[in-house]
Amino acid sequence: MLYAATRQYLDGATWPINCLDIGTAKGFSALCLRWAINDAGRTGEVVSVDVLDPWARVARNTVAEVDGLETLAELLAPWPAAKAIRFERSTGLDWLERHAWRIHVAFVDGAHTSHVVRREGALLAKCQAPGDLVIFDDVQIAEVSIAVASLLDLYRIEYLEVLPSRQYALAVRR
Ligand SMILES: C[S@@+](CC[C@H](N)C(=O)[O-])C[C@H]1O[C@@H](n2cnc3c(N)ncnc32)[C@H](O)[C@@H]1O
């Protein structure tokens, strides 16, 4: 879904794009953003932030660590595209408060509390122009759903239910 939405966004954009992934974990969503840019033959930056230190051997919720914990670089070694992703240790909010770059596409999958998701959405809106995207994961969680609904004045929102227990929101900046 993230890959497809980013590819579709790139169809209408001729400029290099900046992507922000909030909640790196094992790096899958960051890779989807990176692959979308690469496969479209375009240029752009992907920054991925997590409260977990990318250089630490900590649990990142993946079967790949069944034989032992790995750093993010070790986990992602089989996927060379990951080398072009900037991984940083930060909360989404801290990162957004420190940077004022244009963020063309963002994926929000870090803290799943209403206060944090709402504030991440409001800060992202300041870095975006009409038509830019934010994809919210886990909208089946009540706190995330409340936060996303509070952003209706800033974003046009389409809900995508991929499984009964898994919902995304595709938010397009007004
Ligand atoms: C559901 S996982 C993300 C999965 C990831 N998007 C992927 O595709 O593999 C949530 C991650 O968010 C991180 N996290 C929790 N609170 C956060 C925050 N405030 N800012 C950034 N990351 C956060 C957690 O450490 C965890 O690794």
Q.
Can you find, within region 83-94, the residue that is most open to solvent (accessible area, probe 1.4 Å) among those that are in a helix (DSSP H, G or I) and within 12 Å of the ligand (Cβ to nearest atom)?
A. ASP94
Q) Here are some conditions: (1) more than 15 Å from ASP132 (Cα to Cα); (2) within 14 Å of the ligand (Cβ to nearest atom); (3) among the charged types (D, E, K, R); (4) not in a helix (DSSP H, G or I). GLU97 meets all but one. Which one does it not meet? A) (4)
Q.
Given (1) part of a helix (DSSP H, G or I); (2) farther than 23 Å from LEU123 by Cβ, identify the lone condition not met by ALA30.
A. (2)
Q. Does region 139-159 include one or more residues that are within 20 Å of ALA36 (Cβ to Cβ) and part of a loop (DSSP other than H, G, I, E, B)?
A. no
Q | Residue ID - farthest from SER29 (Cα to Cα), chosen from residues in region 100-128 that are assigned to a loop (DSSP other than H, G, I, E, B), open to solvent by 30 Å² or more (accessible area, probe 1.4 Å) and more than 9 Å from the ligand (Cβ to nearest atom) | A | ALA100
(Q) Exactly one condition in (1) within 14 Å of the ligand (Cβ to nearest atom); (2) open to solvent by 70 Å² or more (accessible area, probe 1.4 Å); (3) part of a loop (DSSP other than H, G, I, E, B) is false for TRP35; which is it? (A) (3)
Q. Which residue pairs have Cβ atoms closer than 6 Å, lie 6 or more positions apart in sequence or on different chains, and pair a first residue in region 38-52 that is among the small types (Gly, Ala, Ser) with a second residue that is part of a strand (DSSP E or B)?
A. GLY44/ILE17; SER48/ASP21; SER48/ILE85; SER48/PHE87
Q | Subset tally (residues that are assigned to a helix (DSSP H, G or I), away from the ligand (no atom under 11 Å from the Cβ) and within 15 Å of ALA30 (Cβ to Cβ)) for region 70-82 | A | 4
**Q.** Residue in region 4-24 that is nearest to the ligand (Cβ to nearest atom), counting only those that are free of Cβ contacts under 8 Å to residues at least 60 places away in the same chain and either in contact with a Gly (Cβ under 7 Å, 6 or more places away or on another chain) or within 23 Å of LEU123 (Cα to Cα) (or both)
**A.** LEU10
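The values are calculated or read from the model by the stated rules, or taken from the named source; none is laboratory data. All values reported here derive from a predicted model rather than from experimental measurement. We place every Cβ from the backbone using ideal geometry, glycine too, and count neighbours over all the protein chains shown. Note: areas computed on protein heavy atoms with side chains; ligands, DNA, RNA excluded. Shrake-Rupley method; radii C 1.70, N 1.55, O 1.52, S 1.80 Å.
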